[in-house]
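These notes concern the structure reproduced below.
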Amino acid sequence: MRSLSVRNLNVWYNGQPALKNVSIDFPSGQITAIIGPSGCGKSTLLKSLNRLQETNDQTKVNGQVLLDGANIYDARMDVTEVRTRIGLLAQKPFPLPMSIYDNVAYGPRIHGLAKGNLPEKVQTHLQAVGLWDEVQDRLKAPAVGLSVGQQQRLCLARTLAVEPEILLCDESTASLDPISARGVEELLRSLRGHYTVVMVTHDIDQAKRLADHVVFMWLGELVEHAPAAQFFNAPSHPLTQQYLAREIG
Amino acid sequence: MNRQKMRKLEETFFTWLMRFCLIGAGAILTIILWVIASRGLQGLSWEILTQPPEGSFYLGGGGGILNAIMGSLYLATGATILASFIAAPVVLFMHVYAPHSKFAHGLRLALDIMWGIPSIVYGAFGFAIMVAIGLRASLLAGILTLTLVIIPILARTYDEIVAMAPRDLRDVTLALGSTRLEYLGVLLRQTLPGLLTALLLAFGRAIGDAAAMLFTAGYTDNMPDGLLRPVASLPVAVFFQLSTPFPAVQARAYASALVLTTIILVVSLLAQWTMRRLGRHVIR
Amino acid sequence: MLTGDVWHPQDGLFGFAPFIAGSVAVTAVAMALTIIPGVLSGIYLAEYTTNRARAILKPMLDLLVGIPSVIFGVWGILVIIPLIREQIGPLIGATLGQTFPLFAFTNPSGYSVLAAGMVLAVMVFPLIVAVVDEIMRSAPREMREALLSLGATKWETTKCVVRRCGMTGVLAAIVLAFSRAFGETLAVLMVVGNVPQVPQSIFAPAYPLPALIANNYGEMMSVPMYESAMMGAALLLLVVVMVFNITARAIVVRMNKGA
Ligand SMILES: Nc1ncnc2c1ncn2[C@@H]1O[C@H](COP(=O)(O)OP(=O)(O)OP(=O)(O)O)[C@@H](O)[C@H]1O
Ligand SMILES: [Mg+2]
């Protein structure tokens, strides 16, 4: 279990600040939920945590993200290794244009994990996301043929297959029907204790159901960070109180 | 760990290979421009730019290439004007009356295929038709052939620009009770800078084309002096001057090449400039 | 007429084989020289450059597409011919040429299939780069982000994007460049030597179809059947180029349907 913390992170798009001096410690092995109104910088924060943000041309990132105490933005850090260790599940499911099997097998293949037992590995991960029974007889079919819910679970299996140490999920249930959403939620719950999970959600009830800790953001700034029970029962910041009362956002 | 190193190595290797290709290509193209410029400047003189060839021009005598410069300008201007009178209305009608029809689709396909046909083929068939109707190699025949060569360029470029016009424009104009013909006028006014870009691109292509001019426009040492008389053009002049064995004449070929390149570069830059201004108008 | 290999118009012999062979040889050499650098450059332009670098490189590419072929011909005569005559020819002739007749330095003038191929390669290069760049840019950004999130290197990401989204586009670019090279007239005519024979070596002169038409059309009309032979050559050129263009379009259409 690895620790992840953010120190004085600033991100700009074309000179416009999107994250302002954000510092957070994500507790190991627990689920931290990030909530806040649309456009407050949640996705930007997640993408900064695995250095995906810097692939955007118009962006500038400044600050530290510490993985086990080592800054991932350090020049000596290997970007691909950072992204392997910190997996990101994107806001919209995007199956790679290849077969279902290859989607899961791609990561282990490029990283040289699982020599010889790749099929078993694929099966394990598909089973873990509850997709195995649905797809086991069409593993060679193109992944785009799956339903959106199935796609999202496939993407999760794909992310887990590279064996990350930390999992970032950006509104992973937003595009799903209620039943698939429950499935993914169950899955995330089952990861508690094995992974450090950082999830973004718009759904306050979902945060209540899943999160151990909650972070509230507002216009690129961190407003409040507290254990879930304290956050929902006794929010300290007036903005948080208003947001939870659905008065703003 | 070993595998990590291999992946890194592969990445570095291919990145540098790609960079090497692009840099190499850039170097070659710089060399082209530099060679044309340096050799051309050696042969360039005021006389060359301002006088037609004298009798002994191709033996190294006096005179210049004004006949070819003027001939090229006449040919390209004539063809561009003629092509725009055919292409622009067709494109506008297509967008106003049948934007997504089978007809529009087929027309685009035909234009794209026409675009791909080598200009020597236009020249050959143009010449065959000229012979059939008894026309000699002349300015008129050259203009007509060039018009065919550049219609696809002009029409497709303009087509893409008109397609960029905001969709609302159509709805708003027609909702205000305008007729389709009036909408056509609005569309034309809206896309006028784009039409200018397309015209410049077509003009550039027309002025550089030699293969279609070889038999249709002919060649002469006189200044252009009539629609039905042969006319010189810059690319053909370069070609003929280079095929003589005299270094003095070849030097003039390089000078002519420089003149041609300069005209083309200026026209292309103008086209890009109008395009960029157009982009500003459409987006904001 | 298509397969005859004797060209003696005065005796009524109009064999097209040397000219077809000349066209194919010149185009093949050009493609061999330009495809890999062109595709790689197009990929680099699309995937590895910043917006600012693109803003400079893209207009330069457009400028190059506009340079007329006669200028490339002049450059070929000034630079490529001496280069082949004095450097490339003797070098390759003395090494590869000893074992492979294809590389034998048989023609010391330099006006050759290789010269025409090199000039054509430079001419169609920007075309390939532009098409590949366009195709690569149309690949969804999410795909790149998904691959990078799995810890793929940039090159692995690029490879996957090319293989899964860009393959047909690259193919279309190549076919298009091929047809452009096949129909190119003046630049080739100026450096290829114009000897009506089937070239045996890349250093041998050749006589491609467009050059044949350009050099002889409109003259020698007194020779019987000459004109129809020329029309036949033009028709052949037209058909070949149209087949290639339509193939390229079909590839692109199929690709758009697949995506
Ligand atoms: N590519 C971009 N270019 C410019 N500005 C951007 C870009 N992406 C995001 N932004 C801006 O940065 C801010 C934060 O965006 P971000 O996507 O992180 O918000 P978010 O909290 O994830 O919103 P949502 O809940 O809608 O997903 C917004 O103001 C947005 O407009
Ligand atoms: Mg978001």
Original post:
A:Asp68: accessible area at probe 1.4 Å, nearest 10 Å²?
Top reply: 70
Original post:
For the pair C:Ile56 and B:Ser45, what calculated FRET efficiency results from E = 1/(1 + (r/R0)^6), where r is the Cβ-Cβ distance and R0 = 51 Å, to the nearest 0.05?
Top reply: 0.90
Subject >> Computed magnitude of the charge dipole of the protein assembly as shown (debye, nearest 20; Cβ of K, R +1, Cβ of D, E -1) >> reply: 960
Original post:
When ligands, DNA and RNA are left out and all protein chains stay put, how many square angstrom of accessible area per residue does chain C have with a 1.4 Å probe?
Top reply: 40
Subject >> Simple Cβ-charge dipole of chain B, Lys/Arg +1 and Asp/Glu -1, about Cα centre, in debye nearest 20 >> reply: 1080
Original post:
Residue separation times 0.36 nm, minus the C-alpha to C-alpha distance between C:Leu102 and C:Ala250: what's the value?
Top reply: 49.8 nm
Original post:
Accessible area drop of at least 40 Å² (1.4 Å probe, protein heavy atoms): which residues of the stretch C:55-72 qualify, relative to the chain alone?
Top reply: C:Leu63, C:Leu64, C:Ile67, C:Pro68, C:Val70, C:Ile71
Original post:
Roughly how tilted is helix A:100-111, in degrees to the nearest 10 and between 0 and 90, from the longest Cα axis of chain A?
Top reply: 70
Original post:
Heavy-atom accessible surface, probe 1.4 Å, ligands and DNA/RNA ignored: which residues of the stretch B:22-63 lose at least 10 Å² versus the isolated chain?
Top reply: B:Leu22, B:Ala25, B:Ile28, B:Leu29, B:Ile31, B:Ile32, B:Leu33, B:Val35, B:Ile36, B:Arg39
Original post:
Ignoring ligands, DNA and RNA, how much accessible area is buried between chains B and C, both sides summed, with a 1.4 Å probe, to the nearest 100 Å²?
Top reply: 4700
Original post:
Taking a point 7 angstrom from the Cα of C:Ser228 along the C-beta vector, which residues in the stretch C:12-43 have backbone N less than 16 Å away?
Top reply: C:12-16
**OP:** Only Cα pairs under 8 Å and at least 6 apart count here; give the relative contact order of chain C as a rounded whole percent.
**Re:** 29
Subject >> Crossing angle, helix A:178-191 versus chain A [Cα axis fit, 0-90 degrees, rounded to tens] >> reply: 90
Subject >> Accessible surface of the stretch B:2-43 [probe 1.4 Å, protein heavy atoms]: carbon and sulfur percent >> reply: 75
Original post:
Where only protein heavy atoms count, and the probe is 1.4 Å, what is the accessible area per residue for the stretch A:81-226 in Å²?
Top reply: 38
Original post:
Within chain B, which complete DSSP H helices have Cα atoms spanning at least 27 Å along the helix axis and a mean Kyte-Doolittle hydropathy of -0.5 or higher?
Top reply: B:2-43, B:66-97, B:139-163, B:247-283
Original post:
Accessible area per residue of the stretch B:41-87 at 1.4 Å probe, in Å²?
Top reply: 46
Original post:
For chain B, what are the per-bin percents of Cα-Cα distances with bins 5 Å wide, up to the bin holding the maximum?
Top reply: 1, 5, 10, 12, 13, 13, 12, 10, 8, 6, 5, 3, 2, 1, 0, 0
**OP:** Evaluate E = 1/(1 + (r/R0)^6) for C:Ser138 and A:Arg7, where r is the Cβ-Cβ distance and R0 equals 51 Å; express this FRET efficiency to the nearest 0.05.
**Re:** 0.85
Subject >> Percent accessible area from carbon and sulfur atoms, chain A, protein chains only, probe 1.4 Å >> reply: 49
Original post:
Among the helices of chain C (complete DSSP H runs), which have Cα atoms covering no less than 30 Å along the helix axis and a Kyte-Doolittle mean of at least 1.0?
Top reply: C:17-47, C:113-137, C:226-258
**OP:** Would you mind checking the tilt of helix A:148-161 against the longest principal axis of the Cα atoms of chain A, expressed as 0 to 90 degrees and rounded to 10?
**Re:** 90
Subject >> Debye, to nearest 20: dipole size of the stretch B:6-60, +1 on Lys, Arg Cβ, -1 on Asp, Glu Cβ >> reply: 380
Original post:
What Kirkwood radius, in Å to one decimal, follows from the Cα pairs of the stretch B:53-201?
Top reply: 17.7
Subject >> Above-threshold pairs, the threshold being 30 Å between Cα atoms, out of A:Lys42/B:Lys8; A:Lys60/A:Lys115; A:Lys121/B:Lys5 >> reply: A:Lys42/B:Lys8; A:Lys60/A:Lys115
Original post:
How large is the helix-only mean residue ellipticity at 222 nm for the protein assembly as shown, computed as the sum of -39500 (n - 2.57) over DSSP H runs with n ≥ 4, divided by its residue count, in deg cm²/dmol to the nearest 500?
Top reply: -19500 deg cm²/dmol
**OP:** Summarise the accessible area of chain C (1.4 Å probe, protein heavy atoms) by the percent that is carbon and sulfur.
**Re:** 66
**OP:** Run the numbers on the stretch A:89-117: which residues show a drop of 20 Å² or more in accessible area, chain on its own versus all protein chains together, using a 1.4 Å probe over heavy atoms?
**Re:** A:Lys92, A:Phe94, A:Leu96, A:Pro97, A:Met98, A:Tyr106, A:Ile110, A:His111
**OP:** Partner chain Cβ atoms within 10 Å, averaged over the residues of A:75-88 - can you pull that number for me?
**Re:** 3
Subject >> Amide hydrogen neighbours beyond the local backbone of A:Phe26, cut-off 5 Å, H modeled >> reply: A:Leu4, A:Ser5, A:Val6
Original post:
What list of whole percents do you get for P(r) of the protein assembly as shown, with Cα-Cα distances grouped in 10 Å bins up to the one holding the largest distance?
Top reply: 2, 11, 18, 19, 16, 13, 10, 6, 3, 0, 0
Original post:
Amide H neighbours of A:Val223 under 5 Å, counting only residues 5+ apart in sequence or on other chains, H built in-plane at 1.01 Å?
Top reply: A:Phe216, A:Met217, A:Trp218
Subject >> Potential extension, A:Glu81-A:Arg189 segment - 0.36 nm per residue separation minus Cα distance >> reply: 36.3 nm
**OP:** List the extent of the Cα atoms of the stretch B:86-155 along each of their three principal axes, largest first, rounded to whole Å.
**Re:** 41, 20, 18
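The values are calculated or read from the model by the stated rules, or taken from the named source; none is laboratory data. Given the structure is predicted, the values throughout are model-derived calculations rather than measurements. Neighbour counts are summed over all protein chains in view; Cβ atoms, including those assigned to glycine, are modelled from backbone coordinates with ideal geometry. The accessibility values were calculated without ligands, DNA or RNA, using every heavy atom of the protein model including side chains. Shrake-Rupley method; radii C 1.70, N 1.55, O 1.52, S 1.80 Å.
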